[in-house]
Amino acid sequence: MLHYRTLPVTAFQQNSSIVWCDETMDAAVIDPGGDLDALVAEVQHLGLQLKAIWLTHAHIDHAGGTGELAERLSLPIIGPHTGDQYWINALPQQSAMFGFPPARQFTPTRWLQDGDTVTIGRETLHVRHCPGHTPGHVVFHAPQIDRAFVGDVLFAGSIGRTDFPGGNHQQLIDSITQRLWPMGDQTVFIPGHGPESTFGRERRSNPYVGNT
């Protein structure tokens, strides 16, 4: 079975999730934005073997620790979509602008496309390309446990910002309604910031995409 543990990291309180297969105890970390020692300590506390980094997108609070963690533990970097190459290139500037520790550029081991899958141990998650917040944003869907790791596409009661370079409000709305809602009202989503919610709850009550 697939399990996960979410740790808010950095001053931005970005939700970085450790996901693992309980048969193999192999794990991946989603969006290691920073506080790498805390993330690695949690992996060790859980008795896991970290095998990969998965990225939803390349904003500094989600990807800032990626290059260092990949080098430190010889991990492949999986994702995001090629549309976020701009943001990967800009990581050093992003870190300076937002007061983060110096972040290094990196080249993903594998870019992701809509319809791809990622595997950890014996567990497989589905990849959906969900642009709007950034051009290359992806979401990881685990239907076997009715969970989706959605980065900054959707939040409890809100949606991702679209005023950064490459952002597009209509694309974001389309990503939510055409890519997320079909995953089912029962699906619990883990956003990039703040508490979990369900797609059904957001469809009913989210002021930005409710009743869509």
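DSSP assigns beta bridges within the chain; of those with both partners inside it, close to 70 percent run antiparallel.
Taking amide H as placed 1.01 Å from N in the peptide plane, Thr187 has its amide H under 5 Å from the amide H of Phe199, Gly200, each at least 5 places away in sequence or on another chain. Tell me the net charge near Pro92. Cut-off is 13 Å between Cβ atoms, Pro92 excluded, with +1 for each Lys or Arg and -1 for each Asp or Glu. Summing Lys and Arg as +1 and Asp and Glu as -1 gives 0. Taking all Cα pairs closer than 8 Å and separated by 6 or more residues, the relative contact order of the chain comes to 16 percent.
Each Lys and Arg adds +1 at its Cβ and each Asp and Glu adds -1 at its Cβ; summed about the Cα centre, the chain shows a dipole of about 240 debye.
Note on the range 2-205: dipole from Cβ charges, positive end direction compared against Gln170, Leu125, Leu69; the farthest Cα belongs to Gln170. The alpha-carbon atoms of the range 14-161 define a convex hull whose volume equals 108 cubic angstrom per residue.
Running a GNM on the chain with Cα contacts under 10 Å, which residue among Arg72, Arg147, Arg161 ends up with the highest mean-square fluctuation? Sorting by GNM fluctuation, first place goes to Arg72.
Placing pseudo-labels 7 Å out from each Cα toward the beta carbon at Asp146 and Thr119 gives an inter-label distance of 2.7 nm. Per-residue 3J(HN,Hα) values for the range 138-143, derived from phi via the Karplus relation 6.51 cos²θ - 1.76 cosθ + 1.60 with θ = phi - 60°, read 10, 10, 10, 10, 10, x Hz in sequence order (x marks Gly and Pro). Using a/c under 1.5 as the rounded threshold, could you call the range 94-212 rounded, prolate or oblate? The axes a ≥ b ≥ c are square roots of the C-alpha gyration tensor eigenvalues, and prolate needs a/b larger than b/c, oblate otherwise. Judged from the Cα gyration tensor, the range 94-212 comes out oblate (a/c at least 1.5, b/c at or above a/b).
All of the numbers you see were taken from the coordinates with simple rules; none came from a lab. Since this is a predicted model, take the numbers as computed values, not measurements. Here Cβ is always computed from backbone atoms with ideal geometry, including for glycine, and neighbour counts include all displayed protein chains.
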